[in-house]
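Only one structure is covered here, and it is reproduced in the block below.
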Amino acid sequence: YVGYEHVVATQTNPSVDIGIASATEQNWDFSNLQASTYDTVRFVDPAATPAGVSFPSSNMARSGSLPSLLGIGLGDLIPLPLDLFPGTAYYTKNADGKIYNNGVFTNINIPGLIDLGEQNLAANPADLFLAPLAFNESISNQGQFELVYNLQNDTLPIPIPVTLRVSLNKTITADAYGNLQLPDETYSVLRYNEDVVADIFVGIEVFGVPIQSFVDTTINFNIFRFLSKGQNYPVATVTISPDGTGEPTPLSIEYFDELGPIAASFDFTTSCLTGYFTNNSANALAYNWDFGDGSAGSSAASPSYQFTQPGTYSVTLQAF
């Protein structure tokens, strides 16, 4: 609901046992988790956000990293810094309590590779994010996010429309229940098993017919969300590796956690005039980078930055 907020932690490639589907009460011990990043889940009025007018049917919005907004965390599976894509997702919560994702406003920029700037990744049909279920109940949905970008540069005589499309076919089943132990608290939970088939296409289409594809693939993965009475957001969400990789492997987990002592720390590498900064800060929710050259800096978690001149620079990081 608008006004809801909670601190969540994220750990990539966690060592957790997700258990099995069962009508017998289970116990999940996730008490040894160690957060790599923290974020604040905060739902606001869409009218107070920059792209609210583009999603008129939405009655909730939240900002964050792209994987969290889409409800997935693919860990190291996709070698792109998706967690660096800041965005705002727009949701509709209907009278039945079902929550649909209508799209995401994001800045798609991978330094040195692609810079599309601010874009609306619209969902049509909307993607089901959460629904109230009783044990052994299921619900299915087909959602699709699509963006068409007119690629143009000095070597192209006319703009070329490039389509980015992610189609999500999912079935959500409440398949287990029991007690979930997190580092700070134990919850009585109902587990949702979300079986997802994602068709991903990036290429050139003419009247809906693919002419050239750069990415055209299908991946299947599972998302397990743990819902607890009295909480208005999953207390834990685990994404499991796609089929064909051997034993199911947890790729990431987002979970309720309390912030510990704060510390700012980072590593870096350089390539020519570009610095790549890896944030190792503990228990932080926001960051302020000063690259030591008089620029505006950055608020990204782990930014890259291209300096204009060779030299020695004193780079500082503030963690909040």
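The values are calculated or read from the model by the stated rules, or taken from the named source; none is laboratory data. Since the model is a prediction, treat every value here as computed from it, not as a measurement. Positions of Cβ are backbone-derived with ideal geometry, glycine not excepted, and every protein chain shown enters the neighbour counts. Heavy atoms of the whole protein, side chains included, go into the accessibility calculation; ligands, DNA and RNA do not. Shrake-Rupley method; radii C 1.70, N 1.55, O 1.52, S 1.80 Å.
Points to keep in mind about this one:
- Those residues of region 221-238 which are within 17 Å of Phe43 (Cβ to Cβ) and either crowded, with 21+ Cβ neighbours inside 10 Å or of a type in the set (A, V, I, L, M, F, W, C) (or both), in sequence order: Arg225, Leu227, Pro234, Val235, Thr237
- In region 24-50, the qualifying residues are those that are surrounded by 12 or more Cβ atoms within 10 Å (Cβ to Cβ) and charged (D, E, K, R), and the one that is farthest from the chain's Cα centre (by Cα) is Asp29.
- Within region 234-252, residues that are closer than 25 Å to Tyr1 by Cβ and at pLDDT 65 or above have Cβ atoms under 9 Å from residues that are acidic (Asp, Glu) and part of a loop (DSSP other than H, G, I, E, B) in these pairs: Val235/Glu185, counting only partners at least 6 apart in sequence or on another chain.
- Test: residue in region 143-150 that is assigned to a loop (DSSP other than H, G, I, E, B), more than 19 Å from the chain's Cα centre (by Cα) and modelled with pLDDT under 95: no
- Filter result for Phe320 (of a type outside the set (D, E, K, R) and loosely packed, with under 13 Cβ neighbours inside 10 Å): yes
- Top-ranked residue of region 178-220 - restricted to ones that are among the aliphatic types (A, V, I, L, M) and over 27 Å from Ile139 (Cα atoms), ranked as least open to solvent (accessible area, probe 1.4 Å): Leu182
- Those residues of region 287-297 which are assigned to a loop (DSSP other than H, G, I, E, B) and either within 11 Å of Ile262 (Cα to Cα) or of a type in the set (Ser, Thr, Tyr) (or both), in sequence order: Ser295
- Residues (touching a strand residue (DSSP E or B) at 6+ places or on another chain (Cβ under 8 Å) and of a type in the set (Ser, Thr, Tyr)) located in region 1-35: Tyr1, Tyr4, Thr10, Thr12, Ser15, Ser22, Ser31
Here is a yes/no grid of residues against (1) open to solvent by less than 40 Å² (accessible area, probe 1.4 Å); (2) under 26 Å from Val8 (Cβ atoms); (3) in contact with a strand residue (DSSP E or B) (Cβ under 6 Å, 6 or more places away or on another chain):
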residue: Ala263; (1), (2), (3): no, yes, yes
residue: Asp267; (1), (2), (3): no, yes, yes
residue: Thr274; (1), (2), (3): yes, no, yes
residue: Ala286; (1), (2), (3): no, yes, no
residue: Thr312; (1), (2), (3): no, no, no
residue: Val315; (1), (2), (3): yes, no, no
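- The criterion of being touching a residue at least 12 places away in the same chain (Cβ under 8 Å) and in contact with an Asp or Glu (Cβ under 9 Å, 6 or more places away or on another chain) does not hold for Asp293.
- Some residue of region 88-110 being modelled with pLDDT of 90 or more, among the polar types (S, T, N, Q) and under 25 Å from Asn220 (Cβ atoms): yes
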